[in-house]
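Nothing in this text is a laboratory measurement; each read-out follows from the coordinates by a stated rule. It should be emphasised that the depicted structure is a prediction, and the values quoted were computed from it without experimental measurement. Counting neighbours? That spans all protein chains shown, and the Cβs are built from the backbone with ideal geometry, glycine included.
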Amino acid sequence: MKWGQIRATKRVYRQRFSKEVSELLIADEVFKDVNSLDKSVIEKITLIEELDKKEKQAFFVMLDALVAKKRLKDLLNSALSKA
């Protein structure tokens, strides 16, 4: 992806999602005891949105695999504790 395309993509993203982002900022005012960890998660999500299509797909495949692994581990631990 060329630099001009990146800027154009960011501009489109800002136009389409500016309302949602502004609502997230307003939510900080409503929920004053929000942990700073949550803010870094939101920043990471916006960075994920900047990836190209193949990179996003690879990221979500890895994320799905990690979630499936965690669920399987929890299920096995639960089964072992009942036995």
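Residue ranges 76-83, 58-65 sort as 58-65, 76-83 when ordered by packing (mean number of other C-beta atoms within 10 Å per residue, highest first). Each residue, ALA83 and VAL41, gets one label point 7 Å from its Cα in the Cβ direction; the gap between the two is 3.3 nm. Between PHE60 and ILE48, the modelled label-to-label distance comes to 1.0 nm, taking each label 7 Å out from Cα in the direction of the beta carbon.
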